[in-house]
Structures are given as C-alpha cells and as structure tokens.
Amino acid sequence: MAARTVAGVDVGGTKITFALWAGGGVAYREVLPYTAKSSVEFSELVLKGLRDLQANTAGQDRRIEGVGIGCAGMVDQQRGMFLFPPNMPGVRDVPLAKIVRSAMGIPTFLENDANCALIAEWVAGIARGKHDVVLFTVGTGIGGALIVDGHLYVGKHGYAGELGHMHMIDDGLQCGCGRTGCLETISSGTGIARYANGALARGVKSAMTAEDASSARRIAEFAHNGDPLAVRAFKRAAGYLGRAAATMINVLDPELVVVGGGVTESGLIMDEMQRVARRYSLPLLFDGVEFAMAQYRNDAGAIGAALLAQELLQGHPVYSSPNLAEGAALL
Ligand SMILES: [Zn+2]
C-alpha cells in the first residue's frame, strides 16, 4: 500500500515538535515552544501546530489521514489520554485523541515517546524488519521500549518498557519516579552530572569546575580530553547500561539492542556498555544479539508518532495487545 500522509507530534517539557510524514520522508516540520500552563492551553498548542501542518498541505494533492502523538510520561493508548506528563505542570488526564479528532476530524493515536522512538527505528530505521528489539534512550532521563515477537510490547496496562527504572543499586540516589537507585539515577545525563559533581565535592581531582560537571555534554568533552573523573563518570554510566542490557538480553533473547539519545551521541557509551553486557549475559544469548546506534535523533519521537498512525491506519498489528489499536481511532 502506498505510504500515507500522516502527522506526528512529540510533546516535551520545553517544546513540541510537529512533523508531516509524506512520501516516505519528513515533508515539513515545525517546533513550538512549550508555553502551556493548563490542559486547555496544552490542547490548543497541539491543535495550532497540527493546523499549521494542515495548512502546509493546502493546494497539494494530499491531506493528513492520521495523527500520532508521543509524550514523555504515561499515556492511556486505549482512551487516547495523557495521564500525568511529569514535566508539564497543570496538565493532567487530557483526552487529547478525542480533542484532536473532534476539532480536525482525523483519527488520532497516543503513545509514550520512547515507544515512538522505537517505532521510528522499527518501521523506517535501523530496526526495520526485526522481530525482537530492545531500545534504550539515554538523555536527561532514560526511556525504553520493546519489540517482542514482531509487536510493540506494551504489557497489560500499556506501560511496559520502563527500562530507566530498573533497580540497580541499594542506597542509591532519589529518582524522579520517587524511588531510589534506578538506572536513570546513574546513567542518564542527570545521573552522570550528579556523580561528577559529588566526586568534585569530595575533593576528587579533576580539571572540571562544578559548573562543567553540571552538564553531561561538558563532562563528555573533558572525558574526550582524558580527564580521569570525566572518563570514570561515563564509564560507570555505560557499565550500568551494560548490566541492564544483559538483563534484557537474558530475559528476552532479542536480535538487536538499539541505543539512542543525547548521552550516547558522546561516543562514550556503546563500547563499554557492550563489554559489560557481554560479561553479564549468557554467552549463547549474547552471541545472537547486535548492538546499534539509533538512526533517528531529535525528530525520532515525532517521526515515530506519525509512523504509528500510518501503521495502525494500514491495519498492521503494531501492538502485542490487539484491543489497543482500536481505542483512539474509534473515539
Ligand atoms: Zn526511577
């Protein structure tokens, strides 16, 4: 079937990215700063961006046939609702699929952002044609997503794949989820900065100032120049990602582990992550798995959201749970 014209939206705490996917590529994109202070303002912002995309198709022989929306935080795919996006104060329980559908008359689907990033890779990127895939996205936080047996695995309630909240250490730092010692507290950009800053505060020698050590990007620059503390901060982060990957490999027997997000683009994660994953995986399982960097970067969420809409409109069985596909489209 010919590729459809679909729109993807990636909702983040500082900006909303809109992408029009047509003819197998991004035909138009727009980024709006996130300025909403309430659920109503948030919905209006999403509608404004979508209307801009729609205006961009005017006069052309195409129209938006479906909308996918990805968001950091938990979503209810079946009812098309954002439950509680963690970085969007005042926004809670928004029936966004219904709002878009009634305002624009277009079928609309919701997903979380890590699932969207994996859909981008699975439908049109590095994981194309794969049946069993694990994705880690390592940025300010850590997201995860799973393709199991040829389907996006979302679990019983739609929340599966929270790889960033695997418990790694006792007496660890407080996580955004409210518990302690999660992978995200160690290996995210925030975790790397907290580790480096803590070491500086204890008097560990480094060329970094406290300000340098507050940004994973700056720490990466020092690591590339051989600063021992900066190198150790990234090695530790990569090592725990390797442990987490080993667990996923032992549990799921995937064929591919995809690693993406700003922290991994430092070039300081993949080798050590693989080395440690090899040490803690069963050999038979590790030998059958590839590691790869994500192909899509900043627009992965918006592109994946658009491709989710495309796949569902074409009747492809994206989800492990058959009743999920119907939900939002039927509102
Ligand atoms: Zn956590």
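Taking the range 274-294 as the range and being among the hydrophobic types (A, V, I, L, M, F, W, C) and either in contact with a strand residue (DSSP E or B) (Cβ under 7 Å, 6 or more places away or on another chain) or part of a helix (DSSP H, G or I) (or both) as the test, the residues that pass are Val276, Ala277, Leu284, Leu285, Phe286, Val289, Phe291, Ala292, Met293, Ala294.
For the range 298-331, a residue qualifies if it is over 14 Å from the mean Cα position of the chain (by Cα), modelled with pLDDT of 90 or more and in a loop (DSSP other than H, G, I, E, B), and the qualifying residues are Gln314, Val318.
This table checks each residue for (1) among the small types (Gly, Ala, Ser); (2) over 26 Å from Thr264 (Cβ atoms); (3) part of a loop (DSSP other than H, G, I, E, B); (4) touching a residue at least 40 places away in the same chain (Cβ under 8 Å).
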position	(1), (2), (3), (4)
Arg92	no, yes, yes, yes
Ile106	no, yes, yes, yes
Glu111	no, no, no, yes
Trp122	no, no, no, no
Lys130	no, no, yes, yes
Phe136	no, no, no, yes
Gly143	yes, no, no, yes
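Residue check: Ile169 meets all listed conditions (1) out of contact with any strand residue (DSSP E or B) (no Cβ under 8 Å at 6 or more places or on another chain); (2) within 27 Å of Val258 (Cβ to Cβ); (3) in a helix (DSSP H, G or I) but one, namely (3). Kindly provide the set of residues from the range 32-88 that are more than 26 Å from Tyr159 (Cα to Cα), assigned to a loop (DSSP other than H, G, I, E, B) and without any contact (Cβ under 8 Å) to a residue 60 or more places away in the chain, ordered by number. Hits for the range 32-88 are Thr35, Ala58, Gly59, Gln60, Asp61, Arg62, Arg63, Ile64. Taking the range 177-273 as the region of interest, the helices (runs of 4 or more DSSP H) fully inside it that hold 2 or more residues being away from the ligand (no atom under 16 Å from the Cβ) and buried (at least 18 other Cβ atoms within 10 Å of the Cβ) are 189-201, 216-224, 228-252.
The values are calculated or read from the model by the stated rules, or taken from the named source; none is laboratory data. The model shown is predicted, which means the values in this text are computed figures rather than measured ones. Methodologically, a virtual Cβ is constructed for each residue, glycine included, from the backbone with ideal geometry; neighbour enumeration extends over all protein chains shown.
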